[in-house]
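**Student:** Below are the structure tokens for one structure; questions will follow.
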Amino acid sequence: MKIGIPRALLYHYYGVFWEEFFKELGHEVIVSPHSNKEIVDTGIKSAVPEICVPIKIFLGHLKYLIYEKNVDYAFVPRMISIHKGEIFCPKFMGLPDLVKNGSPEISDRILTTYIESKTENISNYKNYISLSDKLNANEEDIKRASRKANIKWLEFRRNTLRGIPADKAAEMVKKNTVYKKNNSNNIKIAVVGYVYNVYDPFLSMDILDKLHDLNVDYMTFEMLDNKTIFSQISHLKKRLFWTFSNKLLGAGYYSLKNHNIDGLIHLTAFGCGPDSFLGKLFEIESDIRQKPFMTIRIDEHTGENHLQTRIEAFVDMLKRKKEKESA
Amino acid sequence: MSNKVSFPYLGHVIVYKKFLQMMGFEVIMPPAPTQKTIDLGVKYSPEFACIPFKMLMGNYIEACELGANTIISSGGHGPCRAGFYGEVHQRILRQMGYDVNFIIFDSPKRDLFGTIKKFFKIKNKQSISKMVKVSKVVFPVLKDLDTFEKKIHTMIPYEINKGQSLEVWREIYKIYDEVYSQKELLEARAEGHRMIDSIKLRKVNDDEKIKIGIVGEIFVVIEPSINMDVENLLCSLGCEAERSLYLSEWVEHNIFGEKHEKTIQDLGEKYIEILIGGHAKTTVGNIVDFKNRGFDGIIHLMPFGCLPELVSQSVIPKITSDHDIPVLTLSIDEQTGKSNNLTRIEAFIDLIRNKKTKEKVFSGGKK
């Protein structure tokens, strides 16, 4: 069977796992290409206008897989929780509902399952057992496949913790390539944003590469281990409800405190609900810590120049600040 | 320092005032929201926060200006943003220089000890029996007000003396504002019923009535100052209007564990499988429920960018075609210009009216 995985939303974090999982069960896996204008346009047409871009893009990828690649099933997981006591944004929890009822004509080609876990390791086979009928697999197969997939995913996570950005880290696992990370005395910027924004070249307009070209080192949240992240927000009376938002919050607080990091860029999608609060929390904290902070809000527009200008200006400012301080 | 207590402006505010006053607090009544409230809220809130957040922000700032130093509100357990309002509001108010405490009631499941501590703060050194006694007055007041309001909105379209029903409603509200004991409650109730019965109505056949249900996120559904007073608007266009949410029902569901909302949610299960926070599943269930009860159309209200309601908005086309019920979604933000939405609502009602007439003609007037 041909199984399609949309290159959107949490594919950028769990893609390594899901790809390996379906391959191990003997299916052909087709991942949609990087977002392009066509995919995005399809997505925009399929969604209600107000919803955030990442969801629109997801729908675009989904339709691409079904109509262009003729996959038998496309995988749309219902993400519920990957941390004890925390859940996902409502749009993730209702994603299959949104897809099935929003586009009823493709509802029988959707492969969906509840993913619920106490930690971010989602390899428990029980999460996938409901797929066994559609995938023609028995319990043993599912167990074996999730075990194998987990090995790959853990390798991916080890790579990211070594400071390799998630897209490169996934490539290393899949293709056995090597990624050289250069250590330098450049200025370092923390880019805080969800994986599906940062690693979607269409949305983020390759912000990480742009920084790289400017001789800037960068850090993203998946390069920090969970312990470091959660120790940053343990003093909060009430944490956010959304796991990835909490991770961003922890990573943001960490970089605002850490002297090796010169500035913080918050990359957020237009209309992102959790980020509206997150951004305010960063704003307040950056005031206290006296650290440069910039919000970049992205949407389906494609004009790239303004982004280039803003990043260059931000970087120039940080460089001058650093020179002044060291002089 | 004595506690000067205030609270969110939502729905029948006299009820919260009454409860806190009777528990012996000094209450700062938040001013009714105006354009200034919205402007203040928008100015100090994150740009993409939803409209309830911004309204409450303005609301709290105005209350703080009047000297409030404690704000009581309800929390939540996500994943809707509303559960985190208090935390952010407090930080923003502190940054603005107001020294204000928040008492936010979360689900006891999340923080049992904290809830008990907050309960004692609310108890304000009064006895438990006093609290029970107070609740026994305050809750029926809330329930009565909701019942009367519901009733009024089925009468306005047919009243003979234009404006009489609303006049009566304002009178009733005033009477209930003075209720502080069981005896006064009973008197007020009798008086309320008498006044309602005195309203003269045109006789209208049932098949000529147009009934519109209002569903959506609790804040924009309940608070008239932000939803263009949509109920009365609908009434003025000659329709009966009923909301899916009344505060007394919310209290019954969340505090007394009443089952009505659960059955509504079950109706929505086909479209949204699990609770995804906010009122999404209830919204969807209510649309089906209204249809089953013979309503002619639904107005779906949501704050711009509301996370759960965006999911319900996405599934509504399916419900409309499954159940043959027209739904108009209006997304509400700080733009207060009415005419845009007014035009859409008028057009919507015209469509429904035409549809009804057509059905009647084609069924040979038998229906």
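**Student:** Which members of segment A:1-38 meet the condition of being buried (at least 24 other Cβ atoms within 10 Å of the Cβ) and more than 18 Å from the chain's Cα centre (by Cα)?
**Tutor:** A:Ile3, A:Gly4, A:Phe21, A:Phe22, listed by residue number.
**Student:** Looking only at residues in segment B:1-48 that are of a type in the set (Lys, Arg) and surrounded by 20 or more Cβ atoms within 10 Å (Cβ to Cβ), which one is nearest to the other protein chains (Cβ to nearest Cβ)?
**Tutor:** Going residue by residue through segment B:1-48, those that are of a type in the set (Lys, Arg) are B:4, B:17-18, B:36, B:43.
Imposing the further condition that a residue be surrounded by 20 or more Cβ atoms within 10 Å (Cβ to Cβ) reduces the set to B:17-18.
On the way: B:Lys17: 27, B:Lys18: 29 Å.
If we take residues in segment B:1-48 being of a type in the set (Lys, Arg) and surrounded by 20 or more Cβ atoms within 10 Å (Cβ to Cβ), then B:Lys17 is nearest to the other protein chains (Cβ to nearest Cβ).
**Student:** Quick one: A:Phe202 ticks every box in (1) farther than 25 Å from A:Lys91 by Cβ; (2) open to solvent by 20 Å² or more (accessible area, probe 1.4 Å); (3) in a helix (DSSP H, G or I) except a single one, so which number is it?
**Tutor:** (1)
**Student:** Would you list the helices (runs of 4 or more DSSP H) that sit entirely within segment A:86-190 and hold 2 or more residues that are over 19 Å from the mean Cα position of the chain (by Cα)? Before the answer, list the steps.
**Tutor:** Details: elements: A:90-93, A:95-102, A:132-135, A:139-161, A:166-175.
Per the criteria, A:95-102, A:132-135, A:139-161.
**Student:** Being open to solvent by 10 Å² or more (accessible area, probe 1.4 Å), outside any loop (DSSP other than H, G, I, E, B) and either aliphatic (A, V, I, L, M) or in contact (Cβ under 8 Å) with a residue 40 or more places away in the chain (or both) is the filter here; which residues of segment A:65-85 pass it?
**Tutor:** Keep residues of segment A:65-85 that are open to solvent by 10 Å² or more (accessible area, probe 1.4 Å), which gives A:67-70, A:72-73, A:77, A:80-81, A:83-85.
Checking which are outside any loop (DSSP other than H, G, I, E, B) leaves us with A:67-68, A:73, A:80-81, A:83.
Those that are open to solvent by 10 Å² or more (accessible area, probe 1.4 Å), outside any loop (DSSP other than H, G, I, E, B) and either aliphatic (A, V, I, L, M) or in contact (Cβ under 8 Å) with a residue 40 or more places away in the chain (or both): A:Tyr73, A:Ile80, A:Ser81, A:His83.
**Student:** I'm trying to understand the selection: among the residues of segment A:247-294, which are closer than 17 Å to A:Val216 by Cβ and assigned to a strand (DSSP E or B)?
**Tutor:** A:Gly263, A:Leu264, A:Ile265, A:His266, A:Leu267, A:Phe293, A:Met294
**Student:** So, in segment B:17-33, how many residues would count as being touching a residue at least 40 places away in the same chain (Cβ under 8 Å), assigned to a helix (DSSP H, G or I) and touching a strand residue (DSSP E or B) at 6+ places or on another chain (Cβ under 8 Å)? Walk me through it before giving the result.
**Tutor:** Let us first name the residues in segment B:17-33 that are touching a residue at least 40 places away in the same chain (Cβ under 8 Å), namely B:18-20, B:22-25, B:28, B:32-33.
Filter once more, keeping what is assigned to a helix (DSSP H, G or I): B:18-20, B:22.
Next cut, touching a strand residue (DSSP E or B) at 6+ places or on another chain (Cβ under 8 Å) only: B:20.
Summing the residues that are touching a residue at least 40 places away in the same chain (Cβ under 8 Å), assigned to a helix (DSSP H, G or I) and touching a strand residue (DSSP E or B) at 6+ places or on another chain (Cβ under 8 Å) in segment B:17-33 gives 1.
**Student:** In segment B:257-367, which helices (runs of 4 or more DSSP H) lie fully inside it and hold 2 or more residues that are surrounded by fewer than 15 Cβ atoms within 10 Å (Cβ to Cβ)?
**Tutor:** Working: elements: B:260-268, B:280-292, B:307-323, B:339-362.
Because the criterion is at least 2 residues that are surrounded by fewer than 15 Cβ atoms within 10 Å (Cβ to Cβ), the helices (runs of 4 or more DSSP H) in segment B:257-367 that meet it are B:260-268, B:307-323, B:339-362.
**Student:** Ok, one more. Quick check on B:Phe102: is it part of a loop (DSSP other than H, G, I, E, B), within 14 Å of chain A (Cβ to nearest Cβ) and at negative phi?
**Tutor:** Numbers: part of a loop (DSSP other than H, G, I, E, B): no; within 14 Å of chain A (Cβ to nearest Cβ): yes; at negative phi: yes.
Here the answer is no, as B:Phe102 does not meet what is asked.
**Student:** Can you pull out the residues in segment A:194-217 that are on the phi > 0 side of the Ramachandran plot and within 21 Å of the chain's Cα centre (by Cα)? Lay out the reasoning, then the answer.
**Tutor:** Taking segment A:194-217 first, the residues on the phi > 0 side of the Ramachandran plot are A:205-206, A:215.
Listed by number, the residues that qualify are A:Met205, A:Asp206.
**Student:** Does at least one position in segment A:249-257 carry a residue that is hydrophobic (A, V, I, L, M, F, W, C), within 22 Å of B:Pro46 (Cα to Cα), within 14 Å of chain B (Cβ to nearest Cβ) and open to solvent by 10 Å² or more (accessible area, probe 1.4 Å)?
**Tutor:** Taking segment A:249-257 first, the residues hydrophobic (A, V, I, L, M, F, W, C) are A:249, A:251, A:256.
Keeping just the survivors that are within 22 Å of B:Pro46 (Cα to Cα) gives A:249, A:251, A:256.
In the following step, the residues that additionally are within 14 Å of chain B (Cβ to nearest Cβ) were identified as A:249.
Filter again for open to solvent by 10 Å² or more (accessible area, probe 1.4 Å), leaving none.
For segment A:249-257, residues hydrophobic (A, V, I, L, M, F, W, C), within 22 Å of B:Pro46 (Cα to Cα), within 14 Å of chain B (Cβ to nearest Cβ) and open to solvent by 10 Å² or more (accessible area, probe 1.4 Å): absent.
**Student:** Looking at segment A:98-107, which of the residues that are in contact with a Lys or Arg (Cβ under 9 Å, 6 or more places away or on another chain) and open to solvent by 40 Å² or more (accessible area, probe 1.4 Å) is nearest to the other protein chains (Cβ to nearest Cβ)? Walk me through it before giving the result.
**Tutor:** Our first condition is that a residue be in contact with a Lys or Arg (Cβ under 9 Å, 6 or more places away or on another chain); within segment A:98-107, this holds for A:98, A:100-104, A:106-107.
Now narrow it down to the ones that are open to solvent by 40 Å² or more (accessible area, probe 1.4 Å): A:100, A:104, A:107.
Working: A:Lys100: 8, A:Pro104: 6, A:Ser107: 9 Å.
Restricting to residues being in contact with a Lys or Arg (Cβ under 9 Å, 6 or more places away or on another chain) and open to solvent by 40 Å² or more (accessible area, probe 1.4 Å), the top hit is A:Pro104.
**Student:** Please specify each residue of segment B:167-183 satisfying the condition of being touching a residue at least 40 places away in the same chain (Cβ under 8 Å) and surrounded by fewer than 17 Cβ atoms within 10 Å (Cβ to Cβ).
**Tutor:** Of segment B:167-183, the ones touching a residue at least 40 places away in the same chain (Cβ under 8 Å) are B:173, B:176-177, B:179-182.
If the condition is that a residue be touching a residue at least 40 places away in the same chain (Cβ under 8 Å) and surrounded by fewer than 17 Cβ atoms within 10 Å (Cβ to Cβ), then B:Tyr173, B:Asp177, B:Tyr180, B:Ser181, B:Gln182 are the ones that fit.
**Student:** Further question on the same structure: Would you mind stating whether A:Ile296 is closer than 28 Å to A:Pro201 by Cβ and away from chain B (no Cβ under 14 Å)? Walk me through it before giving the result.
**Tutor:** Working: closer than 28 Å to A:Pro201 by Cβ: yes; away from chain B (no Cβ under 14 Å): no.
Judged against the criteria, A:Ile296 is not a match.
**Student:** Looking only at segment B:61-75, how many residues end up being within 14 Å of chain A (Cβ to nearest Cβ) and surrounded by fewer than 21 Cβ atoms within 10 Å (Cβ to Cβ)?
**Tutor:** Going through segment B:61-75, the residues within 14 Å of chain A (Cβ to nearest Cβ) turn out to be B:73-75.
Filter once more, keeping what is surrounded by fewer than 21 Cβ atoms within 10 Å (Cβ to Cβ): B:73-74.
Count: 2.
**Student:** Report the residue count in segment A:146-190 for those that are without any contact (Cβ under 8 Å) to a residue 24 or more places away in the chain and of a type in the set (Phe, Trp, Tyr).
**Tutor:** 1
The values are calculated or read from the model by the stated rules, or taken from the named source; none is laboratory data. From a predicted model like this one, the values you see are computed outputs, not experimental measurements. All Cβ positions, even for glycine, are placed from backbone atoms using ideal geometry, and neighbour counts span all protein chains on display. Only protein heavy atoms, including side chains, enter the accessible area calculation; ligands, DNA and RNA are left aside. Shrake-Rupley method; radii C 1.70, N 1.55, O 1.52, S 1.80 Å.
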